[in-house]
Structures are given as structure tokens and as C-alpha cells.
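All remarks here apply to the structure that follows.
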Amino acid sequence: MSGHLWKVTATRNNGKVLKGMSVEIYKKGTTGKPEQKEIAEALSKKYNEDFHYSQCGQSNFDFDDMS
């Protein structure tokens, strides 16, 4: 099974997560979308800010499969 590169973009403000923030997340061995904790970790790393996973529910983001 190959990996998938996801572009995840916030569609609305939620806590520290602001509309338009985006990250790319690579998931290997699954076709599933990134989970809340994965999104929070990627945002924290990219924006050098601590994002709690509770602010990163899938309903707050658009998911584009870049693979």
C-alpha cells in the first residue's frame, strides 16, 4: 500500500487555528485522512505555536489528496 500526501486547510477560525492555515501531511500505509492529533502536530511544527488537538476537528478543515 502506498502513502498519501494530504493538504489540510482550515475553513474557519477555531481557537488558535485561523481560517486559511494549511499544512501538508504524509500518511503511509493508509488512505485515511489525517486525524486531529496529526493535524495539531503539523500545525504546531509549521507555525511554531502550540495547537491543541481539540481545535483540529476534521469538520474545520478541507482535505485535498495530493497523491
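The values are calculated or read from the model by the stated rules, or taken from the named source; none is laboratory data. Predicted, not measured: the structure shown is a model, and the values here were computed from it. A quick note on method: Cβ atoms are made from the backbone with ideal geometry, for glycine too, and the neighbour counts reach across all protein chains shown. Protein only, heavy atoms only, side chains kept; ligands, DNA and RNA dropped before computing areas. Shrake-Rupley method; radii C 1.70, N 1.55, O 1.52, S 1.80 Å.
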Quick count over the range 25-67, residues being under 14 Å from H4 (Cα atoms), among the small types (G, A, S) and touching a residue at least 24 places away in the same chain (Cβ under 8 Å), is 2
Matching residues in the range 38-67 (assigned to a helix (DSSP H, G or I) and either open to solvent by less than 60 Å² (accessible area, probe 1.4 Å) or of a type outside the set (G, A, S) (or both)) number 14
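Is there a residue in the range 33-42 that is of a type outside the set (S, T, N, Q) and closer than 13 Å to D65 by Cα?
Quick first cut of the range 33-42, residues of a type outside the set (S, T, N, Q) only: 33-35, 37-42.
Then drop every residue that is not closer than 13 Å to D65 by Cα, which leaves 33-34.
The answer is yes; a qualifying residue exists.
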When the range 15-37 is checked residue by residue, the ones that are crowded, with 18+ Cβ neighbours inside 10 Å and closer than 13 Å to Q58 by Cα are V17, P34
Among S44, S22, the single one that is modelled with pLDDT of 95 or more, of a type in the set (G, A, S) and touching a strand residue (DSSP E or B) at 6+ places or on another chain (Cβ under 8 Å) is S22
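Here is a yes/no grid of residues against (1) of a type outside the set (G, A, S); (2) touching a Lys or Arg at 6+ places or on another chain (Cβ under 9 Å):
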| position | (1), (2) |
| --- | --- |
| N13 | yes, yes |
| G32 | no, no |
| L43 | yes, yes |
| K46 | yes, no |
| F51 | yes, yes |
